[in-house]
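Report on the following structure.
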Amino acid sequence: MSQLYIYNTLTRKKELFTPLNPPFVGLYVCGPTVYGHAHIGHARPAITFDLLFRYLRHLDYKVRYVRNITDVGHLENDADSGDDKIGKKARLEQIEPMEVAQYYADSYHHDMELLNVLKPSIEPHASGHILEQQEMVSKILEKGFAYISNGSVYFDVAKYNKQHHYGKLSGRILDDLLTTTRELDGQEEKHNPFDFALWKKADPEHIMRWNSPWGEGFPGWHLECSTMSMKYLGEIFDIHGGGMDLLFPHHECEIAQSKIATGHDTVRYWIHNNLITINGQKMGKSLGNSILLSEIFSGNHPLLEQAYHPMTIRFFILQAHYRSTLDFSNEALQASEKGLNRLLKTVAQLDALPVSEQSTIDVTSWVKNCYDALNDDLNTPVMIAHLFDMARLINLVKESRESINAADLDILKRQMHLFLEDILGIKMEQAESGESELLPKVIQLVLDIRQEAKKNRNFELSDQIRNQLGGIGITVKDRKEGADWEIE
Ligand code: ZN
């Protein structure tokens, strides 16, 4: 049986993964706030935890994977003030907040499907768990670790920190936080600037609101993940994951409120993926370098030189270790595209490989090396390097410079598909023929011929080309210089 070691953010060590109740594994991952289309930053946690989900299942664990949808309570500045992100969009577009949430959740699911990300076992919505969240607020109030202030309820971080370490996950110390957090201006409801909202009183213009013992309002953002993870996975569960951007304050707040509500820690392994930079820069809407996944798949963005297949994006993300930063650039993506195509082309030729009596290739060690890499904190870059090594040997077999026997070839075929398809989640029908690159070139070639015909005043031929392209769904639009085309 494979022994999976996984880096626990809380202990800052790689630990042997031992579930609480094997073969069952509880996995909770913070999902998207659905107020906009998914961008490249959403792809990394989705693919990282999809890999973990797939690998745990491959190891015969029965995984209950919960990934939430945030549809209420996520305020604009990720703190306890500002507009609700979904409510604001709903007001601007004059539609129901739940229409906003539904529309962007559907869009997220569509992108995830293209990336071959498996659906979680349960996908709970924050707005569907208001009652449970109110119950948790009441518990924390009863235990004396929260206070009511002007219709809102805040968690008392200073009191918590006297008994427990607030900041243990992200390695922060409250005294340091005090010096870096802005001062309260005396007008505010909070006792301390780092206290966080469990329940917020709704202003008159706030659309999403529920009755509560503390007046009409809505839950604080951090509360939903504590509530829903415990509801579906139990008061102690195996893994809680998310992007590193959620370490503080989101996960730190979760730890504090869950500990007070239950009297103990609730999460056994905390796992965080690192973030994506774009051309060496932090990504952000204000920086103008936030690229939507749909833009990447269509190539329709000023920073992109071409369209990229979803499997190229997936492979590119898996070529870096999930705890390393990953820089997104055309060069890097094109390298991934080439690499993946080369790999898939070789794998597609396995069936036609000549078989010998003897093997010069050590397939058994290769399989072990691949598993060793995965078991070492999901080291996909090393594992993928082993796949490329094998591809090189396969090509040498074709040239009769290496040999493989029938039994080894069987193992190789089975394992190659298992590693690539089942565990890494690469769909094999990906552009191994290079179709996605070839088509635009071919169309351009035809249009160049048509341009030549026009120049020679052969309008019959030029019209014929345009009409026949139209007949197969390619619309040609004449411009001052040359012509544009699009596929209907
Ligand atoms: Zn969360």
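The values are calculated or read from the model by the stated rules, or taken from the named source; none is laboratory data. Quick caveat, the model's predicted, so the values are computed rather than measured. All Cβ positions, even for glycine, are placed from backbone atoms using ideal geometry, and neighbour counts span all protein chains on display. Just so you know, the surface numbers come from the protein's heavy atoms only, side chains and all, with ligands and any DNA or RNA stripped out. Shrake-Rupley method; radii C 1.70, N 1.55, O 1.52, S 1.80 Å.
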Rounded to 10°, Cα long-axis angle of helix 130-142 versus longest principal axis of the chain: 40 degrees
query: For the chain, which whole percent of the accessible surface, found with a 1.4 angstrom probe, sits on carbon and sulfur atoms?
result: 50 percent
field: Inter-label distance, nm, simple model (7 Å from Cα along the C-beta direction), residue 188/residue 149
entry: 0.7 nm
message: Check which residues have an amide H placed less than 5 Å from residue 39's amide H, if you skip close sequence neighbours.
response: 293
message: What are the extents of the Cα atoms of region 303-347 along their three principal axes, in Å, largest first?
response: 29, 26, 15
Degrees between helix 252-262 axis and first principal axis of the chain (Cα, 0 to 90, nearest 10): 50 degrees
query: Seen from all sides and averaged, what is the projected area of the convex hull of the Cα atoms in region 125-230, in nm²?
result: 7.6 nm²
message: Could you check the spin-label model distance between residue 480 and residue 165? Points 7 Å from the Cα along Cα→Cβ, value in nm.
response: 6.7 nm
query: Using 0.36 nm per residue, how much length does the chain from residue 463 to residue 335 gain when fully extended, once their Cα-Cα distance is taken away?
result: 42.1 nm
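Would you mind calculating the gained length between residue 428 and residue 15 on full extension (0.36 nm times residue separation, minus the Cα-Cα distance), in nm to one decimal?
145.4 nm
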- prompt: In nm, what is the difference between 0.36 nm times the number of residues separating residue 362 and residue 175 and their Cα-Cα distance?
  reply: 61.6 nm
field: For residue 25, distant residues with modelled amide H under 5 Å away
entry: 62, 63, 64
- prompt: Under a straight-distance cross-link criterion of Cα-Cα below 27 Å, which lysines are reachable from residue 62, leaving out those fewer than 8 residues away in the same chain?
  reply: 13, 14, 119, 231, 259, 368, 413, 427
- prompt: What angle do you read, to the nearest 10 degrees and between 0 and 90, between the alpha-carbon axis of helix 363-375 and the longest principal axis of the chain?
  reply: 30 degrees
field: Inter-probe distance in nm under a simple model that places probes 7 Å from Cα toward Cβ, at residue 325 and residue 142
entry: 4.7 nm
query: List the aspartates and glutamates whose alpha-carbon lies under 16 Å from that of residue 85, not counting same-chain residues fewer than 8 positions away?
result: 71, 76, 93, 96, 99, 203, 205, 224
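In square nanometres, what is the average projected area of the Cα convex hull of the chain? Spell out each step's value before the answer.
Values: hull surface 115.8 nm².
Spelled out: convex hull of the Cα atoms, projected over all directions, averaged, 29.0 nm².
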- request: Keeping all protein chains in position, work out how much accessible area residue 427 exposes to a 1.4 Å probe, and write it in Å² to the nearest 10.
  value: 80 Å²
- request: Starting from the Kirkwood radius over alpha-carbon pairs of region 341-488, derive D by Stokes-Einstein at 10 °C in a medium of 1.306 mPa s and give it in µm² s⁻¹.
  value: 84 µm²/s
